[in-house]
There are 2 protein chains.
Amino acid sequence: MNIDQYMQTLGERARSASRAMSSASTGDKNAALLAIARHLEASRSALIKANASDLATAQANGLEAALLDRLELTDARIDGMLEGLEQVAALADPIGGLTDMCSRPSGIQVGKMRVPLGVIGIIYESRPNVTVEAASLCLKSGNAVILRGGSEAIQSNQAISACIQAGLAEVGLPQTAVQVVETTDREAVGQLITMPEFVDVIVPRGGKGLIERISRDARVPVIKHLDGNCHVYIDDSADEAMAISIAVNAKTQRYGTCNTAESLLVAKDVAESLLPKLAQAFESHGVELRACEESLRIISGSASSNVKLIAATEDDWYEEYLAPILAIKVVAGLDEAIEHINHYSSQHSETIVTEHHPRAMRFIREVDSSSVMINASTRFADGFEYGLGAEIGISTDKIHARGPVGLDGLTSQKYVVLGSGQIRS
Amino acid sequence: MNIDQYMQTLGERARSASRAMSSASTGDKNAALLAIARHLEASRSALIKANASDLATAQANGLEAALLDRLELTDARIDGMLEGLEQVAALADPIGGLTDMCSRPSGIQVGKMRVPLGVIGIIYESRPNVTVEAASLCLKSGNAVILRGGSEAIQSNQAISACIQAGLAEVGLPQTAVQVVETTDREAVGQLITMPEFVDVIVPRGGKGLIERISRDARVPVIKHLDGNCHVYIDDSADEAMAISIAVNAKTQRYGTCNTAESLLVAKDVAESLLPKLAQAFESHGVELRACEESLRIISGSASSNVKLIAATEDDWYEEYLAPILAIKVVAGLDEAIEHINHYSSQHSETIVTEHHPRAMRFIREVDSSSVMINASTRFADGFEYGLGAEIGISTDKIHARGPVGLDGLTSQKYVVLGSGQIRS
């Protein structure tokens, strides 16, 4: 069987399994999640052994340290997988609920029912725990899933897959509801993203390059998350202590996350008083500042001149550093801040610090990003912090799902009409 | 300027206008809709003159009668356009509303705000009234729109466009919020559907060929409506009179619409008694029946043997006739009906006629179509009948919008976080 035929076969099986999954009971889906957790628990040593084999190959291939770390399956990470399964089992079932039912003049009742999307294709790199995480969200939302992990994690993913299969079989749900692609051939991805007859949506999780390539070549819809160039705007009516606290938290609480602030905008009228204090705070965190002309002048003339400070270039306003670096710009006020953000941001998450109600309202209305915030750190832009219970990714698209994507993002709504014999006249 | 540059210019202008439109007040948007109506009213003779020129060209080019009819702009059709504008002005503004706000343990409040998609590209054929209809829905939902009508309607569309421009200008909204493509070059479409930087979603309205071509080539999301192969399933517990009434209405109330039934499934246990009566009813409407072996036997052995009756082929189960033709199949019961529909239907609209509650519930849960109905004619699958107030199309996709698409389908939701200084710990 060549790659195309192999992927078609996976696709056909997934489509068929998705029919059964769409009407699987909440009890069966939860039982399967817990059974998978039991099988993972019972297979700890097999999982760690398979993972050790992946790690050895990866090391021999010279994989860099950060990727090796992400690839590693420790006991703590397996614990995390088990907890995740229990959490997803505890979430409310999104499927089948009827909403917005209302009576129409014709006598029919019209509303919506939440239903699974069908078959989800997930393409990811390194971290083998994504295999369990993604599978659990797809199962709970009544979908079938085809998982294509990185070639460096193939042994680990197959060991995990065996546990998932065993869990599904135990409950009597189709094992083909979760299929891990067993070839490392790159053509498999090309085929997976161009089978609209078998796959309803693709969720790529990985670097910007991967996501851009998949979005370009896909023939099915893609729920994609590109970069997170997030902004903090400090208005001239901001509470000073709050402004410093939010700016520092948004930048420094974690550097490598997509909801970390990368640019700080400060209103002109408070720049002279606020920038030196901000510079001092960032200095204590070892954050390098890339400053516009105005902020460069203010900061370099201030006491905290030990901060790492260089002049920003046009490129800095676009940059997602994912590092202890922050771009700083003085803006005239709200209008310029909104204009700057709508021009340079990646439409991920932005926050305003202000005590001024109308400006706060304008900010959340006019800033065109997936999360807009008032007086809160951008670091809150996250499925768990938002109460979604789980997160398959953060969408920077506007179509279908925007912002953190939970179980609902893996579902659709169909119209339901309840009649008692009505015909159209 | 070549076509690519021309379309890029339209795109840039639309993107810029979309910013202003997204924060336009409800009052301004409604005032613009009513101003457009006044300008159309004042330009009746100019519209009819421009349309006459299109009609003359179309006749000279040998356009078929049905298309000529759709192209024609009569006084009654202009009245319809004015009414449509007033109706859209009367609809609630979908934009800006905050929903689902809830408090999180961190102290932040999280919810969603409905926002425009940005720039919509609409590609359509013949009917010039679509120009006004589509523009009005895009305006009301705070979007900018680029309209690409058929080349046969170019004069009419430009005359309508002039009225729209005048209406927008009168209210002070950007005239570039609605742009009609002024070239009939086919390359313009190719460019329109491949500018993700300027266009957020494409809505093609027209024949299946047009929609398939656009879906295949587009580099932006497409809200598409392919065909409507709708089913009526008569369960063995159906009320006989209701079953006949719904089957006849679903097939015969209008033949050319996408929510017209094309296939009738009848449960085996009631086929002997019901099919002869159904055949009689369809005979009186001059409907040709394409029958499976079993139904062929029953109907041809019955009294109403004057009905046009031929044996169905496999192709008939897939067919959208848009004509007085109906495929009929006897099925064992609910399971086979659901299986048949999920295999052959175009996932548009399907109805079950039954008095049996659990089967009705299974039908709406397990049938994977955009509208699923109990004891009602498929002809109800329509934005106006569902109470959406307007309809930009009917989506047979699952992503973003499914079923009749009203104003909400031209919007997205962003997350809003209201804090009072919260930071992430």
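Computed quantities for the displayed model
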item	result
Nearest-first distances (nm) between copies at B:ARG44, label 7 Å from Cα via Cβ	8.4
Cα gyration tensor category, rounded, prolate or oblate, for region A:299-361 with a/c compared to 1.5	oblate
A:GLY118 long-range amide H proximity, modeled H, under 5 Å	A:ALA144
Nm distances between copies for A:ALA241, ranked from closest, using label points 7 Å along Cα→Cβ	7.8
Options A:ILE310, A:ASN229, A:ALA89, ranked by Cα towards positive dipole end of chain A, top entry (Cβ charges)	A:ALA89
Shielding by partners - mean other protein chain Cβ count within 10 Å, residues of A:403-414	3
Positive dipole terminus of chain B, leading residue within B:VAL331, B:SER45, B:ALA56 (C-beta point charges)	B:SER45
Centre separation in Å (Cα based) which lies between region A:244-310 and region B:118-146	45
Label-point separation in nm, B:GLN59 to B:ASP100, each point 7 Å along Cα→Cβ	5.6
Net lengthening on full extension, B:ASP408/B:LYS208 (0.36 nm per residue, minus Cα-Cα)	69.6 nm
Region B:1-45 residues near the modelled B:ASP185 label - backbone nitrogen below 11 Å, point 7 Å along Cα→Cβ	B:1-8
Helix-derived mean residue ellipticity, 222 nm - over the protein assembly as shown, DSSP H n ≥ 4, -39500 (n - 2.57), to 500	-13500 deg cm²/dmol
DSSP bridge orientation in chain B - percent antiparallel, rounded to nearest 5	30
Distance histogram for region B:247-302 (every C-alpha pair counted, 10 angstrom bins, percent rounded to whole numbers)	23, 56, 21, 1
Anisotropy class of the protein assembly as shown from Cα gyration tensor, a/c 1.5 cut	oblate
Axis-nearest residue of B (beta carbon) for the B-onto-A rotation, whole Å	B:HIS400, 2
Ranked A:LEU278, B:LEU168, criterion: other C-beta atoms within 10 Å, fewest first	B:LEU168, A:LEU278
Cα gyration tensor shape for region A:105-227, rounded if a/c is under 1.5, else prolate or oblate	oblate
Shortest-first distances to equivalent copies, position A:ARG186, nm, label 7 Å out along Cβ	3.5
Antiparallel bridge percentage (DSSP; both residues within the protein assembly as shown; nearest 5)	25
Most fluctuating residue given options B:ARG104, B:ARG297, B:ARG19, as computed from a GNM of chain B linking Cα atoms under 10 Å	B:ARG104
Principal axis box of chain A, alpha-carbon based, largest edge first, Å	72, 70, 36
Isotropic mean projected area of the C-alpha convex hull, region A:230-385 (nm²)	7.8
Burial ranking of peptide ranges B:45-52, A:129-136 (average Cβ count within 10 Å, highest at the top)	A:129-136, B:45-52
Cβ-derived FRET efficiency at R0 56 Å, A:GLU314 paired with B:ASP239, nearest 0.05	0.20
21 Å Cα-Cα threshold exceeded, pairs from A:LYS140/B:LYS398; A:LYS208/A:LYS398; B:LYS112/B:LYS140; A:LYS277/A:LYS329	none
Cβ crowding within 10 Å averaged over residues, with B:26-34, A:310-318 ranked highest first	B:26-34, A:310-318
Per-residue average of Cβ from other chains inside 10 Å of B:97-109	2
Residues with amide H under 5 Å from that of A:TYR233, placed H, sequence gap 5 or more	A:LEU265, A:THR351, A:ILE352, A:VAL353
Among A:VAL130, A:VAL416, A:MET373 - extreme Cα towards positive end, dipole of chain A, charges at beta-carbon	A:VAL416
Selected from A:ASN259, A:ASN342, A:ASN143 as most flexible by GNM, with chain A as the system and alpha-carbon contacts under 10 Å	A:ASN342
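Here, each number is a calculation from the coordinates, and none is a lab measurement. Not measured: the values here are computed from a predicted model. Cβ coordinates were reconstructed from backbone atoms using ideal geometry, including for glycine residues, and neighbour counts include every protein chain displayed.
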